[in-house]
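Below: the structure, in C-alpha cells.
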Amino acid sequence: MSAESHRRLLELDRRHVWHPFTQMQTWPEDEPLVIERAEGNYLIDDQNNRYFDGVSSLWVLLHGHRKRAIDEAVRAQLDRVAHSTLLGLASVPSIELAAKLAEIAPAGLTRVFYSDSGSTSVEIALKMAYQYWRQRGRPEKRKFVALDEAYHGDTIGSVSVGGIQLFHDIFRSLLFDVERIPTPYSYRWQGEGDCGRACLKAAEALFAREGRELAALVIEPLIQGAAGMIAQPTGFLARLAALCREHEVLLICDEVATGFGRTGTMFAVEQENVTPDLMCVAKGLTGGYLPLAATLTTEDVYSAFLGPVAEKRTFFHGHTYTGNPLACAAALANLELFEQEQTLQRMKPAIGALAEKLERIADHDHVGEVRRRGLMIGIELVRVRATKEEYPYADRIGHRVCLAARRRGIILRPLGNVIVLMPPLSMTVAEAGMLGDAVRESISEVTSH
Ligand SMILES: *Cc1c(COP(=O)(O)O)cnc(C)c1O
C-alpha cells in the first residue's frame, strides 16, 4: 500500500476509531501498525512488514491465520447461510458444535449455551447459577465468590466478579458485592507461611462462614491471565472444587483464556481432575476467526430450568447472534484440527524450546519472575530485583519492551509491568527460539537506560 494510503488510514483511525483498553491521547504517538493480512503465525501490515503474532491476536489464535481447513469451512457455510437465529430455530453447525464440545469437555458437561464473547459466557454462568438455586428452592444461595485480581470480562456482571483495581475500581458502586479469596500470588505474598496454603485456608474459613448463602465460586483455572499470568500451585483448584462440593456451591470455571490447549491440555481443569458445574469458553473456540462463546453445564443444572411453561423456569437470556452459523462452522473445523493434526502432541517441542529460553530470561537483572502454564507466559519486570521494587505505572515499561519487540518483528501486548507471551499452538521450534531471544534482547534494550 502506498505511503499516502497508509497516512490516510492512520488519519481516519485517529479521527474515528476508539481503541479498547487504550489511552487515546497517546495512541497516535506510537505510530500504530495497520494490519492488512496474515499468513500462518505472522501478521502483515499495509507496508508489507511481517510480525510474529506473539499474543495470538489477544489470546485467540490456535492453528495460525488463514488455516486452510477453517477458511474452507467458513466459505462452505457462507454458501449455505451466514446467520439464522437459535430463538425458536435450530441450525446445523450449532448442533454439530454442541455435540463436539460435549464430547471433548470434561465428562458431565453435556449442555451448551452459546453467546458471543468471554464476558457474556461468564455473565450467563452467573445468571444460571443464581436462577438455579432459586429454582431448587434455595433462594438464600445468592452470593458469589471470586479471587482477588480476577478477570472475567467487561460487562457489569463479569466486572462484579472481577478484581483488578485498575480496570474495575471506578465502577465499584455499580457492581454487586462478591466474597473474595486471596490470589496465590507467591512472588508478592506478604502474609504468613506458604502462600497457596494460606489462600486455601482463607477460602475454607469463608466457606465455613458463608457457605450456606453461596451460589457459586468463579475462577480462572490454573492461571489468572489478565492479572499478570498468576499461576496457581498444584492442587489449588482441586481443593477449591472439593470445598464447593462440601458446601453445595456451584463451581464456575472460566476457561476463556486457558481453554483449547493453551495450558498444554485441552482444558486447564483436566490437569486437576476437576469437572466444574459450569464452564465458560470463548477466545480460542473459533481458533481466532470469529466471535463465539459457550457456557457449558451439567444435566443437574440444566434440569433445574425444566418445567411447564406457566412455571416460568425458562432461562430468559439470549443474544441476537447467538450460535451464529459461520462462527460455529469455524469452531467445528478448529476443533477437528486438534485430532487431525495431533496439535497437543505436536506443540510439545516448541513449548520445550521456549521454556529453555525463558530460563535465561528469568536470570535477567530486571526480571522478577517468569510464570508459565503451557503457552501462557508472564514475565514480571522489576526495577530492583533484590527488593522486587516495581517500575512506576507511568513509565510504561511493559509497553516500551513490546515496542522494542515490534522493532524485532514481534507483536506483543503487556499487562502493566508483565510481558505476556501467548504464542499460537502452531508455533514452531525455530519460532520459539526467535521469540525467546527477541524478548530477552528487548528487555535488555529497554531496561539498560
Ligand atoms: C478475555 C477473557 C474474558 C473476556 O472475554 P471477552 O471475549 O473479551 O469478553 C473473560 N475471562 C477471561 C479469563 C479472559 O481471559
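The values are calculated or read from the model by the stated rules, or taken from the named source; none is laboratory data. Everything quoted here is computed from the prediction, not taken from an experiment. All Cβ positions, glycine included, derive from the backbone under ideal geometry; neighbour counts span all protein chains shown. Only protein heavy atoms, including side chains, enter the accessible area calculation; ligands, DNA and RNA are left aside. Shrake-Rupley method; radii C 1.70, N 1.55, O 1.52, S 1.80 Å.
Some notes on this structure:
- Residue-normalised accessible area of the range 167-246, given per residue in Å² at a 1.4 Å probe: 47 Å²
- Excluding ligands, DNA and RNA, the accessible surface per residue across the range 308-449 is 46 Å² with a 1.4 Å probe.
- The largest accessible area among I156, I419 belongs to the first residue in I156, I419, and the rest follow in falling order (1.4 Å probe, all chains).
- Gyration tensor (alpha-carbon) shape descriptor, the range 1-47, a/c threshold 1.5: oblate
- For F316, solvent-accessible area (1.4 Å; no DNA, RNA or ligand), Å²: 150 Å²
- Contour excess over end-to-end distance, with Cα ends at E29 and T110 and 0.36 nm allotted per residue: 24.3 nm
- Separation between Cα centres of the range 94-137 and the range 407-435, rounded to whole Å: 32 Å
- Anisotropy class of the range 135-237 from Cα gyration tensor, a/c 1.5 cut: oblate
- Within a Gaussian network of the chain (alpha carbon springs, distance under 10 Å), most fluctuating of Q340, Q23, Q131: Q23
- Estimated distance in nm for a label pair at Y187 and L58, the labels positioned 7 Å out from Cα along Cα-to-Cβ: 2.4 nm
- With a Förster radius of 41 Å applied to the beta-carbon distance between Y393 and Q345, the computed FRET efficiency rounds to 0.50.
- Protein-only accessible surface at a 1.4 angstrom probe places the residues Y321, Y289 in the order Y321, Y289, largest first.
- Part-to-part distance (alpha-carbon centres) for the range 1-79 and the range 251-325, which is given in Å: 28 Å
- Carbon plus sulfur fraction of accessible area for the chain, probe 1.4 Å, in percent: 52 percent
- With Rh defined as the Kirkwood radius, the inverse of the mean 1/r over Cα pairs, the Rg/Rh of the range 304-449 is 1.18.
- Under 12 Å, Cβ to Cβ, from M347 - net charge with Lys/Arg +1 and Asp/Glu -1: +1
- Rg/Rg_globular for the chain, with Rg_globular taken as 2.2 N^0.38 Å and Rg from C-alpha atoms: 0.99
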